[in-house]
Amino acid sequence: MAIDRFGRNIHYLRISLTDHCNLRCVYCMAEDMTFQPNADLMQDNEILLLAHLFASLGFDKVRLTGGEPTVRANVVEIVRGIASTPGIRSVSMTTNGLLLKKLAQPLADAGLQRVNVSIDTLNPEKFKRLTRWGKLEDVWAGILAAEKAGLAPVKLNAVAVKGYNEDDLVDLAALTVDRPWQMRFIEMMPFAGATDVQVNQVVTMAQIKQNIESEFGPLEVSNNGELDGEAQVFHIPGAKGDIGFISSVTQPFCSSCTRARLTADGRLRLCLLREKEVDLLTPLRAGATLEELRRLILDGVWGKPWGHGLADGLIPLNRVMSEIGG
Ligand code: SAM
Ligand code: SF4
C-alpha cells in the first residue's frame, strides 16, 4: 500500500498517455504549443510495466488522460493491457471526445469502463472560439457513442471562462434534466506561463451555482453530500442526472486526495499544482530493478505535498496542464 506522510492512502493513478492534442483550448495551451518528441515519452511497454508496478503497490484505479489520450497510437491496446493488469479494478479516461465516435466501442471492448468528456458550451461558434480548432458536433457524436458503448455513467467536464462560456453553463446543466449524465463544472487553474485568461477570467463555483439556481431553483444534494471523486454533487429537483462542482481554487479538496499522476514522459507527479516530481523513466531506461523503481514510487508518495498553494499565490511553473495530465 502506498501511504503518504499524512496517512492518505494513495491508490488512484492518472496516466498521461501523451502531451499532444488535436485541440488548443484557450485555458490549456497556446495555439503554437510545441510538444515533446515521441521518443521522450513513455513507450507502450514502459507504460504497462509501470502500471504493473503501481498496481503491485495497491493502486487499483487508473484514469488515462493527456494531452488528448485518444491521439496516442495504440490507445486501444494500451487500455487492454492496463485493464488486464492484476489489481487494477477501474480504468477510465478523460478526453475531448473528438475521436470517440470511432473509438468508444473498441475502447469499451478493451476494458475501458467510463469516460469524462470535455464540453464547455453547446454553442458551436463559442465552442470553436474556446477550443480554437474544434467542431462541437464531433464531440456530441462522441458523447452519444460513449453512452451507446456502455461507458456509463457519462460524465461531462466544462471549464468556466469569463467572456467565453459563462452564459452557457445553465444550458449545460439543463442536459441533466432528461439524461442520467453528470455535468461537472471546473474552476480554471493557472499553470506555467499563466495566461491572462487563466488569471483574470476565472468564474467561481459560487457564481456558477447561483446562475443555475436562478434558473432551476435550489439544487438538491446528491451522493449523501459526499464528494464524488473531486466533485461536490447536486441535482436539479426531479432531474435524471447530477451536477458536479470541482472547486480546486476556492474550495480545495486536498485532505481527501488519493491520487498521483504519471506524466507522459514518465515522471511521478504527486500534486497537480505542485512542481515536485520523481523521474521514473530515466532509471527505468538505465536498467533500474523493479525493486528500485518500487522504492522510488513509495518514497515519492511518502513525500506527497499536503496540498496546493494557490491561495498563497504559488503557481506551478514547470509544466502546463496538458503536460501533467489533468
Ligand atoms: N484532452 C482531454 C480533455 O480535454 O478532456 C484530457 C486532458 S485535459 C488537460 C483534462 C481536463 O483538464 C479537461 O477537462 C480540461 O477541460 C481541464 N483543464 C485544462 N486546462 C485547465 C485549466 N487551466 N484549469 C482547469 N481545468 C483545465
Ligand atoms: Fe487539449 Fe484537453 Fe488541453 Fe483542450 S483541455 S487543449 S482538449 S489537452
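General observations
- Annotation for segment 92-178: chymotrypsin sites (Phe, Trp or Tyr not before Pro) lying in DSSP loop with at most 15 further Cβ atoms inside 10 Å of their Cβ are TRP133.
- With the cut-off at under 13 Å, measuring from each backbone N in segment 64-93 to a point 7 Å along the Cα-to-Cβ line of LYS102 picks out 70-76.
- Cβ distances below 4.7 Å define possible disulfide partners, and in the chain the cysteines left without one are CYS21, CYS254, CYS257, CYS271.
- Longest stretch of the chain clear of exposed loop sites (GluC sites (Glu not before Pro), DSSP loop, at most 12 other Cβ atoms within 10 Å, sites excluded): 32-225.
- Cβ-Cβ FRET estimate between LEU290 and ASN200, R0 fixed at 45 Å, reported to 0.05: 0.45
- Protection proxy ranking for 257-267, 298-308, using the average of other Cβ atoms within 10 Å per residue and placing the highest first: 257-267, 298-308.
- Using alpha carbons only, the radius of gyration of the chain set against its Kirkwood radius gives Rg/Rh = 0.94.
- Using alpha-carbon coordinates, inclination of helix 205-216 to the longest axis of the chain, degrees: 40
- When the Cα positions of CYS28, ALA108, PHE54 are compared along the charge dipole of segment 19-124, ALA108 comes out farthest toward the positive end, with charges on each C-beta of Lys, Arg, Asp and Glu.
- Since only PRO237, GLY163, LEU293 are under comparison, the one whose Cα sits farthest along the positive direction of the charge dipole of the chain, derived from C-beta charges on Lys, Arg, Asp and Glu, is LEU293.
- Taking all protein chains into account, the per residue accessible area for segment 1-115 stands at 38 Å² (1.4 Å probe).
- Spin-label pair ASP44-TRP302: with each label point 7 Å from Cα along the Cα-Cβ axis, the two points sit 3.6 nm from one another.
- Calculated mean residue ellipticity, 222 nm, the chain: -9000 deg cm²/dmol, from DSSP H runs (n ≥ 4) at -39500 (n - 2.57) each, averaged per residue and rounded to 500.
- Residue order by solvent-accessible surface for THR65, THR204, THR282 is THR282, THR204, THR65, largest first, with ligands and nucleic acids left out and a 1.4 Å probe.
- Linear extension gain, GLU213 paired with VAL170, 0.36 nm per residue minus alpha-carbon span: 14.6 nm
- Per residue value of the accessible surface for segment 198-284 (all protein chains in place, 1.4 Å probe), Å²: 43
- Rolling a 1.4 angstrom probe over the chain with all protein chains present gives an accessible area of which 51% lies on carbon and sulfur atoms.
- Beta bridges per DSSP, both residues in the chain: antiparallel share near 30 percent.
- Label-to-label distance for LYS276 and LYS162 is 3.3 nm, based on points extended 7 Å past Cα in the beta-carbon direction.
The values are calculated or read from the model by the stated rules, or taken from the named source; none is laboratory data. Computed from a prediction, not measured in an experiment: that's the story for all the values here. A quick note on method: Cβ atoms are made from the backbone with ideal geometry, for glycine too, and the neighbour counts reach across all protein chains shown. Note: areas computed on protein heavy atoms with side chains; ligands, DNA, RNA excluded. Shrake-Rupley method; radii C 1.70, N 1.55, O 1.52, S 1.80 Å.
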